[in-house]
Amino acid sequence: MVPTGSGPLRNGGVSFWYSEAGLPEPRPALPGPADADVCVVGGGFTGLWTAYYLKKADPGLRITVLERRFCGYGASGRNGGWLYNGFAGRGAFARRYGHERAQAMQRAMDGTVREVVRAAAAEGIDADVAEGGVLEVARTPAQLARLAALVEEERAFGDTERLLLTAEATAARIRVAGALGGTWTPHGARIQPAKLVRGLAAAVEALGVRIHEGTPVTGIRPAAGGAPARAVTPHGAVSARFVLRATEGFTAGLHGERRTWLPMNSAMVATEPLPASFWAEVGWEGRETLGDLAHAYMYAQRTADDRIALGGRGVPYRFGSRTDADGGTQERTVRQLRRILARFFPAAADARIEQAWAGVLGVPRDWCSTVELDRASGLGWAGGYVGSGVATANLAGRTLRDLVLGEDTELTRLPWVGHTVRRWEPEPLRWLGVHGLYAAYHAADRQEAGGRSSTSPLARAADLVAGRH
């Protein structure tokens, strides 16, 4: 058993990652109306990577990034630190655009994991990167069946290095209690996300990009009547040839965008540092990112200072697409995540939870991420990552670079470019639907934990309602 520490649980404070790294000194707000060649709305991974690659490609571009709080305040500074090759919508893209185009996107994502590691190293960003791959485990017979199907699917999309692991081989990597099997792919790495986003913001600024924090954008206006596109703020508008929206889970706060992407909540906890005796029992020497095959799935990492940071859905959605303030989460969600920790690692059942936090991710109605640029209106956007944005945002940034520069490249021909998505239903249908959806997923997990050998019909029905299949 792990000896317990003392001290109160810290709830919020943006995230544990910022408690460790410290909140950044705020950059100046927009001083007044301004002009730019490109205005990026949102200072997270998508916006910063877009500015980074544009400025690298054309140093003469005048680029302005507008951020309502500080760079990395949203999902980029609160996520689970999974830099991996998954992306939202692959199955839908394959059905709509063909297997080859979806496979091309998968290859691009495989390369994106390496590109983020390369770029961070080139810019001297220490983000606690550990290239241990991704381990996903099955703890019920139904999960084990899905795991085998997952391996077949991933190999069909080109992951020839993916392994299907027995219970013994899984335990040789991480000894998860009750694990019946697992799958591992090298296309993943653990990171400390706040360190990465802070370092990226500094690198972008050093290239000559203007970053204005404390500058909320209240509306985005298309080019019209000879006037350029504009990003409207309380301090004045930024007029630009292109205005690019990179607001992910906070998109619903923009005028006219409330039903574009649903802000889905995800919550995390971080334990106290765990002793050497715990790691000798559990393993996890490869620093793999860890997930499972439950419908209401968990995700975790072993941090650089030997904690477990673990997350899951908690309360999935707030009525009216409202978002949280500074990462606070509900006590019942903390209890739920502690139970998951205890089930996976009984030796950590009594470990102190030092911090809990939450954030929002962007979910399109068809669960497919998109990139778009309309040259006539001057408006573009990228996002809807459904929780897989740490790497996907980098690919989005490079794709937006090529679209802004007017280049026809392999990236601009990927199937998510120009993919259209219908809007979410109005309230209260949106709230009822999302909460009903996750109630069904949790019920399906309970059925399968009872010994069901195949996927619960409740989960299959929920997938159909969600538009995921």
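The values are calculated or read from the model by the stated rules, or taken from the named source; none is laboratory data. Keep in mind it's a predicted model, so treat the numbers as computed, not measured. Cβ: placed from backbone, ideal geometry, glycine included. Neighbour counts: every protein chain shown. Accessible surface areas use protein heavy atoms only, side chains included; no ligands, DNA or RNA. Shrake-Rupley method; radii C 1.70, N 1.55, O 1.52, S 1.80 Å.
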Each label sits 7 Å from Cα toward the beta-carbon; between Ser454 and Ala342 the label points are separated, in nm, by 3.5 nm
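Could you look at the chain and say what percent of its accessible area is carbon and sulfur, using a 1.4 Å probe and all protein chains? Present the calculation step by step, with values, prior to reporting the outcome.
Working: 9490 of 17890 Å².
Solvent-exposed carbon and sulfur of the chain make up 53 percent of the total.
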Among Leu164, Ala29, Trp431, the residue whose Cα sits farthest towards the positive end of the charge dipole of the chain, when +1 is placed on the Cβ of each Lys and Arg and -1 on the Cβ of each Asp and Glu, is Trp431
The Rg/Rh figure for the range 1-140, Cα atoms and Kirkwood Rh, to two decimals is 1.03
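So what is the relative contact order for the range 240-337, in percent, with contacts set as C-alpha pairs under 8 Å and at least six apart?
Numbers: 121 pairs, mean separation 29.0, N = 98.
After rounding, I find 30 percent.
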For the pair Asp350 and Arg446, the simple spin-label estimate (label points 7 Å beyond Cα toward Cβ) gives in nm 3.0 nm
Simple spin-label estimate for Ala376/Glu152, 7 Å along Cα→Cβ, in nm, reads 4.6 nm
With 0.36 nm assigned to each residue of separation and the Cα-Cα distance removed, Glu407 to Glu205 gains 70.2 nm
In degrees rounded to 10, the 0-90 angle between helix 99-122 Cα long axis and the longest Cα principal axis of the chain is 80 degrees
In whole Hz, the Karplus estimates of ³J(HN,Hα) for the range 413-427 (6.51, -1.76, 1.60; θ = phi - 60°; x where Gly or Pro) are 9, 5, x, 7, 6, x, 5, 9, 10, 6, 7, 5, 5, x, 6
One finds, for Thr420 and Ala224 with R0 = 25 angstrom and r their Cβ-Cβ distance, a FRET efficiency to the nearest 0.05 of 0.70
Result for the chain: accessible area per residue, probe 1.4 angstrom, in square angstrom, of 38 Å²
Expressed to two decimals, the range 240-388 has a Cα Rg over Rh, using the Kirkwood radius, of 1.07
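Need the full-extension length gain, Asp306 to Leu180, defined as separation in residues times 0.36 nm minus the C-alpha distance. One decimal, nm.
Numbers: separation 126, 0.36 × 126 = 45.36 nm, distance 2.52 nm.
Length gained, Asp306 through Leu180: 42.8 nm.
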From highest to lowest solvent-accessible area (probe 1.4 Å; ligands, DNA and RNA excluded), Trp381, Trp416 read Trp381, Trp416
Amide H proximity to Ala229 below 5 Å, modelled H, separation 5+ or other chain, gives Ala223, Ala240
Quick calc, Glu115 & Ala172: beta-carbon distance into FRET formula, R0 30 Å, rounding 0.05, result 0.50
HN-Hα couplings for the range 159-175 via Karplus (6.51, -1.76, 1.60; θ = phi - 60°), in whole Hz with x for Gly/Pro, come out as 7, 6, 8, 5, 10, 9, 10, 6, 4, 5, 5, 5, 5, 5, 8, 9, 8
So Leu9 and Ala439, fully extended at 0.36 nm per residue minus their Cα-Cα distance, gain in nm 152.1 nm
The ³J(HN,Hα) series, computed from each phi in the range 83-89 with the Karplus coefficients 6.51, -1.76 and 1.60 at θ = phi - 60°, rounded to the nearest Hz and given as x for glycine or proline, is 9, 9, 8, x, 8, 7, x
Semi-axes (Å, rounded, descending) of the ellipsoid equivalent to the range 23-100 per its C-alpha gyration tensor are 30, 19, 11
Rg from C-alpha atoms of the range 258-337, normalised by the globular rule of thumb 2.2 N^0.38 Å, equals 1.31
Which of [x] 133; [y] 152; [z] 302 is the computed volume of the Cα convex hull per residue in Å³? It is [x]
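Could you calculate the FRET efficiency of Asp126 with Arg322 from 1/(1 + (r/R0)^6), where r is the beta carbon distance between them and R0 is 25 Å, rounded to 0.05?
Working: r = 35 Å, r/R0 = 1.42.
With R0 = 25 Å, the Cβ-Cβ based efficiency is 0.10.
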Cα-Cα pairs in the range 349-469 separated by more than 19 Å, as a whole percent of all pairs, come to 63 percent
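Please report, in debye to the nearest 20, how large the charge dipole of the chain is about its Cα centre when each Lys and Arg carries +1 at its beta carbon and each Asp and Glu carries -1 there. Provide the component values of the computation, followed by the final result.
On the way: 55 positive and 48 negative charges, 235 e Å.
Using only the charged Cβ atoms, the result is roughly 1120 debye.
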